[in-house]
1. In segment 97-105, is there at least one residue being within 30 Å of Arg157 (Cβ to Cβ), acidic (Asp, Glu), in contact (Cβ under 8 Å) with a residue 24 or more places away in the chain and in contact with a strand residue (DSSP E or B) (Cβ under 8 Å, 6 or more places away or on another chain)?
2. Among the candidates Ala30, Ala61, single out the residue that is modelled with pLDDT of 95 or more and not in a helix (DSSP H, G or I).
3. Among (1) surrounded by 13 or more Cβ atoms within 10 Å (Cβ to Cβ); (2) touching a helix residue (DSSP H, G or I) at 6+ places or on another chain (Cβ under 7 Å), which single condition is Lys459 missing?
4. Identify, from the list Ser209, Ser181, Ser187, the residue that is part of a helix (DSSP H, G or I) and either out of contact with any helix residue (DSSP H, G or I) (no Cβ under 9 Å at 6 or more places or on another chain) or not assigned by TED's automatic domain parsing to the domain that holds Tyr34 (or both).
5. Quick one: in segment 348-377, which of the residues that are of a type in the set (S, T, N, Q) and farther than 23 Å from Tyr252 by Cβ is surrounded by the most Cβ atoms within 10 Å (Cβ to Cβ)?
6. Restricting to segment 182-195, and then to whatever is touching a strand residue (DSSP E or B) at 6+ places or on another chain (Cβ under 8 Å) and of a type in the set (A, V, I, L, M, F, W, C), can you tell me which residue is farthest from Asn504 (Cα to Cα)?
7. Look at segment 197-236 and say how many of its residues are in contact (Cβ under 8 Å) with a residue 60 or more places away in the chain, buried (at least 21 other Cβ atoms within 10 Å of the Cβ) and closer than 28 Å to Pro10 by Cα.
8. Being in contact (Cβ under 8 Å) with a residue 40 or more places away in the chain and closer than 24 Å to Ile405 by Cβ is the requirement here; does Lys90 meet it?
Amino acid sequence: MIRKKKIARPEILAPAGNRDSFFAAVAAGADSIYCSLKNFSARMEADNFSIEELSRLSELAGKRGIYVYIAFNSILKESDLSKAGNLLVKLKRYVKPQALIINDPALIKIAADIGIRCELHLSTLSGFSLPSGLELAENLGIKRVVIPRELNIDQIRLLADKHSPVELEAFIHGALCYGISGKCYWSSWLGGKSGLRGRCVQPCRRIYSSGGNKKSFFSCMDLSLDVLVKVLQEINEVKAWKIEGRKKTPHYVYYTVWGYKTLRDEKLTAREKKDTIKIFEQALGRPSTHYNFLPQRKYNPAGQESETGSGKFVGRIKKSGNNFFIEPIEILMKSDKIRVGYQGDRFHCVLYVPVSIPKGGKFILRRKDFKQVPPSKTPVFLIDRKERELKDYIGSLEREYNEIIPVKTSAASYSLPSFFRKKRKFRISDTFVKRAHDLKAVNSSQGIWIDDKFFNIVKNKKIFFEKSRWFWLPPYIWPDEEKKYMEAVKLIIDMGGRNFVVNNLWHAGIIKNLKKLNVWAGPFCNIANSMAVSVFAEKGFSGAFISPELCRDDILSLPKYCELPLGLVIKGYFPFAVSAVMNEDINMDKLFTSPKKEAGFVKKHDSLYWVYPAWELDLSEYKGLFKKAGYSVFVQMHENVPADVFKTLRKTSSWNFNLKLL
């Protein structure tokens, strides 16, 4: 008799950015809930929670067997380390979460030093994607990794086939960022608000112009696996289904949890599955897609014709004389919350519906509610709805919460451990990193990106690389590309190559005998503090390029705290974002521009789309300061740019160096 494979029952992990959303997750029967403190979260625009609130909420959830995970997934600057340690001490004392969701490697060391007894889960912002990385994750004490939304089911199976004790967690529903998580600097480039620190202003949602077209080329639909989660459920190594949405409403949380619980737990007929999908329509999200989940049926979510503002599209502004109004395409109920326009618009406004409006009826808007009258055809979105049943659920849980005695918190004082070894020295040098387009370019370049073009040029050639040559791995590598890059690295080593730049900690497994080579952490590792550098040092790295989005004080102070020699990108094209998708209407030989005349261009390298600003980063005038501060290696990043860049714009930028990075 053939035994059937036992199907796992993954936990359903719900988001909560405020108390009502937490209660909605409890009411819907979530197995676990993830939320954040008011600091060091990847969603700083959500309300988030105090230690006192989390203590009471954890007790309320614990009575029902619901786990609470704390997202602590911001990158940390050197000045943040003690503050982060103080918060972890308080979490240990008063909240006792079941897990911390982290991104910055420094938190691995801080959590161990404090002795907080909970699991460490690696955030999707870490860019974890390779089977070889699972061994490193286990070695560093990681219990679970949150895998990228971009992976298809076959790539997820490649990770699962390692049968590692490190669990997998997969997103099944919610917003899609245009850039690959952890590889987007767009918001930081256009104003110093870093997405890696939870302050993204979503410039990818804006309207841009390209080749005569004008639309939101980079704005993505939402992800919704809906019935396809049954395919995901067959992979036992995927222990959790994650719903995105810490900025979403209780209504959204309740209906998404309810829908996926039904799909997971019930044996449904085809008709019942269709009825369950309608539950997700009630969650008031954007139009959705399965994205890349089925490799044979990929769907590009970027820049589609559907409205991709947050919420459910319900109509557009119309004008008649001095009045402006909407005629909703579905019923609006009393107390519904609607949003007119997008958050970056001057006329953007959030309103409550005073009376029910039938489908096709007329809802006249008041001028006094707007700073500026919205133009005709402005989209309107339904973003929240409070039905009586859900309101009653939340009310009863609020009363239970209020009966829990608040903890009296006291100050915490965390001192950074003395973990530094003798600082290693490295001679001061300059290097240019380029794309190889022919054998001559390979032989003349100081630094070369390892990509398909390079690999095809050098294979079957008798080349011996000089010891001064640097070889750069891309910032993102898909699971099914791992073997190819391992072969490329081995070939380079056989040809004499010794200097490598790895742009993701979790890609270190691609290079064997790492400690016998000169391997540096690249600028896409987003290193911003000395404790992160220490983790790289312990894993055999010889040096580290710090994040180029840091400001003056952060950059100049860091070398004195670090045991490894440091490098810095001081000139060249550094991307807004690196992405897996591109809208077909973007002309990659031309600039795209925003209404504020912010321009950019796109280049495709292998499977990745690199979206660049139409100006270079240039910190070269401060090179003397950097040398004095203790930096050893200075990089210039070259890119073959469209002719438009040279014809129209020749400006440069110091990025956040003379600003403040938020």
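1. no
2. Values: Ala61 fails: not in a helix (DSSP H, G or I).
Selected residue: Ala30, the only one of Ala30, Ala61 that is modelled with pLDDT of 95 or more and not in a helix (DSSP H, G or I).
3. (1)
4. Details: Ser209 fails: part of a helix (DSSP H, G or I); Ser181 fails: part of a helix (DSSP H, G or I).
Step by step, each of Ser209, Ser181, Ser187 is checked, and only Ser187 is part of a helix (DSSP H, G or I) and either out of contact with any helix residue (DSSP H, G or I) (no Cβ under 9 Å at 6 or more places or on another chain) or not assigned by TED's automatic domain parsing to the domain that holds Tyr34 (or both).
5. Once the filter is applied, the top-ranked residue is Gln372.
6. The first filter runs over segment 182-195 and keeps only residues touching a strand residue (DSSP E or B) at 6+ places or on another chain (Cβ under 8 Å), leaving 183-186, 189, 195.
After this cut, where a residue has to be of a type in the set (A, V, I, L, M, F, W, C) as well, the list is 184, 186, 189.
Details: Cys184: 14, Trp186: 19, Trp189: 21 Å.
Checked segment 182-195; the qualifying residue farthest from Asn504 (Cα to Cα) is Trp189.
7. 7
8. yes
The values are calculated or read from the model by the stated rules, or taken from the named source; none is laboratory data. On a predicted model such as this, the values are computed, not experimentally measured, just so you know. Please note: Cβ atoms are built from the backbone with ideal geometry, for glycine as well, and neighbour counts cover all protein chains shown.
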